[in-house]
Amino acid sequence: MKRILILIALVAVVGYVSAQEVSSRAKAMRMMTYAKPEYMIKDIKVLADTMIVYSLADYVIYPIGKWENIEQYITNTQLQWYRESGYKNFYDSMSVSVNTLRRLDGSYIDMYRSITTGRVEMVAGRITDPEVVLDNGIRAGMSKDDVFKVLFKRFPKSYVSDIAVLKVISGAGEVGQIYTFRGKKLRHIGIISKYKYY
């Protein structure tokens, strides 16, 4: 009798786990139907408290806009940036000339001017200052619903209520932004890149 009860409990646990996986995929597929066309979202994955959105839009590659040089961006933001220039090592000790723009709260953006594209490209960053606004209007301190409204026309609030991290990644998975929420507010924005620079 005990063996039968243990077997039933085991089957129930396995069934529950597989049902959770199906519901996560179903949630992702339904969110795809709400995606705004300008973001060219090609896939969504929901893993526990993280939603990963794969987008083919230029915005993902140029989150602060398309600029020919760093000075244009600094002038356009009309913010006080502290600029550091130097070399950083990436991928097997490759040295790249990187400019770091910093704010007093610790926010920073690492960028370089690509000789391939002729534009300012992102290397890394962490933004907690609400004065720093991305090209699509997202800034630290926004409500979680407002961040999702940038990417989606509408969505069931229950689908995003337990999401703590939203990753918006380029189609090739090389660059992206990581939006981290605390409660119902956007705590900080991370900029990531796996480019082979230059």
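Points to keep in mind about this one:
- One residue stands out in segment 86-116 among those that are of a type in the set (D, E) and under 24 Å from V165 (Cβ atoms): the one that is most open to solvent (accessible area, probe 1.4 Å), namely D105.
- Verdict on T50 being open to solvent by less than 30 Å² (accessible area, probe 1.4 Å) and of a type in the set (S, T, N, Q): yes
- Any chance K2 is among the basic types (K, R), over 22 Å from D162 (Cα atoms) and at pLDDT 85 or above: no
- Extreme residue, nearest to V168 (Cα to Cα), among residues of segment 61-83 that are open to solvent by 30 Å² or more (accessible area, probe 1.4 Å) and in contact with a Phe, Trp or Tyr (Cβ under 7 Å, 6 or more places away or on another chain): W67
- Any hit, segment 149-160, residues being touching a residue at least 24 places away in the same chain (Cβ under 8 Å), more than 21 Å from S55 (Cβ to Cβ) and out of contact with any strand residue (DSSP E or B) (no Cβ under 7 Å at 6 or more places or on another chain): no
- Condition check for R119: within 23 Å of V168 (Cα to Cα), more than 16 Å from the chain's Cα centre (by Cα) and open to solvent by 50 Å² or more (accessible area, probe 1.4 Å): yes
- Verdict on D105 being free of Cβ contacts under 8 Å to residues at least 60 places away in the same chain and not in a loop (DSSP other than H, G, I, E, B): no
- Checklist (1) more than 21 Å from V160 (Cα to Cα); (2) free of Cβ contacts under 8 Å to residues at least 60 places away in the same chain; (3) under 15 Å from the mean Cα position of the chain (by Cα) applied to E131, failing item: (3)
The values are calculated or read from the model by the stated rules, or taken from the named source; none is laboratory data. Note that the coordinates shown come from a computational prediction; the quantities given were computed from them, not determined experimentally. Neighbour counts run over all protein chains shown; Cβ positions are idealised from the backbone, glycine included. Please note that ligands, DNA and RNA were not included when accessible areas were found on the heavy atoms of the full protein model with its side chains. Shrake-Rupley method; radii C 1.70, N 1.55, O 1.52, S 1.80 Å.
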